[in-house]
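Encoded as structure tokens, the structure appears first; notes follow it.
Taken together, the values in this text are just the output of simple stated rules run on the coordinates, not laboratory data. Worth saying up front: this structure is predicted, and the values here are computed from it rather than measured. Quick reminder, even Gly has a Cβ in these numbers, built from the backbone with ideal geometry, and neighbours come from all protein chains shown.
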Amino acid sequence: MAADVVIVGAGIVGAACARALARAGARVTVLDRGAAAAGTSAHGEGNLLVSDKGPGPELELATVSLRRWAALAEELADELGPRFPSVEHEAKGGLVVVTSTEGLSGLRRFADAQRASGVEAVEMGAEQARELEPDLAPGVVGAVHYPHDAQVQPVAATEALLASARRAGAEVRTGVEVTGPLLGAGGRLAGVVTSRGEVAADAVVVAAGPWSAEVAERLGSSIPVRPRRGMVLVTTPMPQRIRRKVYDGDYFAATQSAGAELQTSAVIESTQGGTVLIGSSREQVGFDERFRAAVPAEMARRAVAVFPFLAQTNVMRSYVGFRPYMPDHLPVIGPDPVRAGLWFATGHEGAGVGLAPATGDLLAAQLLGLDPALDPRPYAVDRPTLLETQS
Amino acid sequence: MRDVVVVGAGPAGLAAARAAASAGALVTLLDAADGLGGQYWRHLPAERPAGREGLLHHKWATFGELSDVLREHPAVTVLPSAQVWSLERHDGGIRLNILVGEPDGAGRQALVLEPDALVLATGAHDRTLPFPGWQLPGVYSAGAAQALAKGERVAVGRRVVVAGAGPFLLPVASSLLQTGATVVGVHEAGRIGSLARGWLNRPWELAGAAGKAGELAGYVGDLLRHRVRWRPGEAVVAAHGDGQVDAVTVARLDERWAPVAGTERRVEADAVCVSHGFTPRLELAIAAGCDLSSSRFVLVDDTQATSVRGVWAAGEITGIGGADAALAEGTVAGTAAAGGNAGTGTARAALRARSRARGFAARIEAAHGIRPGWTGWLRDDTVVCRCEETTYGRVREVVELTGSHEARSVKLTSRAGLGPCQARMCGRTLQELLDGPGARGRAAGGVEGGPAPTVDRRPFVVPVRLGELAALPATSTSRTATSRTASALPTASFPSASQPGGDRT
């Protein structure tokens, strides 16, 4: 079916939706009030993770999406050629480490549950973990290795998906802000009014990350997505001493329920540029970008506790971004139940880069009436867990 | 009594500190360097003083008087080697996070200050446009060459070429001559036409800025005595050498600064010092939330107040006007920050001096401002970002392939600007290359009063070791600096830590 689709948001999720829709034959226009790959997608680390996800719909989406990324990185490189900036897909694996026996038992329970859902999660003693990461702190008592955790460079990945979408006929228009709905018969959404005129469409997909609530409101609907602030620290370049993504799993010492979602408090890794990235804080302070020294101080304490050698390493920059946070911790991928013609692909919090390919495929399949590879119901806008939070 | 913190101890900061103390405030003067004076009055350290320091410095007596007053004043605490690494804004005001001690040393002390009033006098560093070969050893920014000459009495080479734009080239050449180097030539990109329009169309301003004219005349005299050729309308368009500069190519420029084909000539030299103007150090002003002008200086009113309550700015971050303007602005800012009346006494005289100096600054821009034709001397293999070795050709290629003209995306896909200098060298160049010639307003990076462009945002003002960050107190404690007037320090405290926690983005 041919359709005119407007996508609001040129971040990683909008780009993945644009590519999937355009390749399936839709006429796609991507609009962004700013530049492409300039919001949440440009302020994270580009994590593709299964290690942080407990059994459930998000893990299912991640499992499909991570497999998809491995193939997609090659497809994009073939299509765009060797001069195009590499998406730097790297299946480097992840290692969750803990420094207390309580933490270790919590981590093991979590990994058991993940294994039951098909995740490869390898328990390790301290010595074995040190074989993988020789510079780990002496206090590390155990670890779980996740070979399938991977990484892309999120800005390059977004630009590559957009370039590929353009090759399939999509148009990307930046500096164009959606200001209101274009309504058709029976209140159906027939496009958008923008700062640069009207754009007619059969469907409008909101993929505006943490700004999606504002866009939904302008289009006469609502979505309970909120900004959640995060900071990443970047060190000066140095010879690489950290080989994988290494997470501080001591959160488990404070967690009682084995079913709780893993919430690590430090992510440490080297990049191809030689820097070390340290993520990542989490605060609900609206869209407030003001610097607070207490945040990097706490991140530094956690990083140094895992890799003591980092104490002598200089932080040369930090960046702060806003993740699209959903009250029930699941993205929304599907039609708006109120406003016909309005669709959502947002609310991925800190997992948008990893979940983007599967999100794009799932949204395109629903919108174009094709067979989705995954059951879309857990991600529906009117799912029970989301309705509860709104009532 | 008002607590006033002044950041930066160059001419503007020194004048601000003195004025604030005279107006009755308790003053803390911070500078990242280990002595007072800033770049303008950079000198040998106190433990090995030079007998005739004044020969290298304009207004050395002014500096001596200012620093004596500040050292002796009971209400002034001078804190050298103090690096403000970040600034926090909260509803109650401003908090400065400071590390005191040698940047490379082990024992830097953390200090937090929450002043009633803040005067930013953070100055500027010189800007160098890229050209083929500029990454070779032997190519210096003119500021670095001058710092070596003034601070270490070291000349950067034996046969030195000075090139770029602006009156700053003259004192740089003069410093080099005084340290024994041969200055082969001074090549000024501005052509006689624009120099004449900039300098001669308002001759009364030059008369008004008599101090400035006298200073320049002194430098010109130095060049004449040493028979140094000053050549307008020319630029160094390439540096050559195998691992070290041994020659440069000089070419004539047209009105737009585009090199004129066929005018190239080779000049033997073992060093080249280049400056094309100045980039203000805006990190703290941006972190404080100060509005910027379209040409990216801090916007201030008649009392040097910024758009943020409790924050004043003086000196080169408000416009490149030289030391006379900085001294005047500092006096006005310090008086106002202390709660005094900037319309009376010395501040009133300073206001008049400031307006003369501002006329001078406008003329510098008219005569020496960067023109878009300079990109004509770039080649595809010319390095734009020296930290990451990103070439001009690669930047253009990435823009063409991705279709993105936005600085953040192009930085992350080409790696330009991501290295240790954090785009301090190449940020503005990159933005001008992306915006294209002629896009003067956008090239300047923003709109009047608008948000700061991303290339100037650096929440970490200087690098900080993770160990130092980790050692910051997590709970609220009152801290003071150890100094003879510790009791006069502004209230200091540290914020309580956020709830630990994190997830993976």
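Largest GNM mean-square fluctuation across A:P227, A:P85, A:P335, computed for chain A with C-alpha springs under 10 Å, falls on A:P85.
Other residues with beta-carbon under 14 Å from the beta-carbon of B:D302 carry, at +1 per Lys or Arg and -1 per Asp or Glu, a net charge of +2. Can you work out the FRET efficiency for the pair A:D382 and A:Q240, with r the C-beta to C-beta distance and R0 = 60 Å, to the nearest 0.05? With a Förster radius of 60 Å, E is 0.80. Pairs of C-alpha atoms in the range A:48-104 farther apart than 20 Å represent 46 percent of all such pairs.
Can you give the relative contact order of the range A:335-391 as a percent, counting alpha carbon pairs under 8 Å and 6+ residues apart? Show your work: numbers first, answer last.
Working: 29 pairs, mean separation 18.4, N = 57.
Answer for the range A:335-391 is 32 percent.
A Förster radius of 56 Å combined with the Cβ-Cβ distance from B:R225 to B:E72 puts the calculated FRET efficiency at roughly 0.90.
Per residue of peptide A:42-48, the mean number of Cβ atoms on other chains within 10 Å of the residue Cβ is 2.
Report the calculated FRET efficiency for A:A185 and A:Q272 (r = Cβ-Cβ distance, R0 = 41 Å), to the nearest 0.05.
Details: r = 53 Å, r/R0 = 1.29.
Efficiency at R0 = 41 Å is approximately 0.20.
Around B:G138, what is the net charge, scoring Lys/Arg as +1 and Asp/Glu as -1 over all other residues with Cβ under 9 Å from its Cβ?
On the way: positive: none; negative: B:D246, B:D270.
Around B:G138, the surrounding residues sum to -2.
Where only DSSP H runs of four or more residues are counted, chain A gives -9500 deg cm²/dmol as its mean residue ellipticity at 222 nm, each run worth -39500 (n - 2.57).
Taking only the alpha carbons of the range B:353-416, we obtain Rg and Dmax values of 17.1, 52 Å in that order.
So how do A:E349, B:E255 line up by other beta-carbon neighbours within 10 Å, fewest first? All intermediate terms of the calculation are to be shown ahead of the outcome.
Working: A:E349 25, B:E255 12.
Neighbour counts put them in this order, fewest first: B:E255, A:E349.
Can I get the semi-axes of the range B:1-155's equivalent ellipsoid? Compute them from the C-alpha gyration tensor as square roots of 5 times the eigenvalues, in angstrom, largest first. Write down the numbers at each step before the final one.
Working: eigenvalues 166, 87, 42 Å².
Those come to 29, 21, 14 Å.
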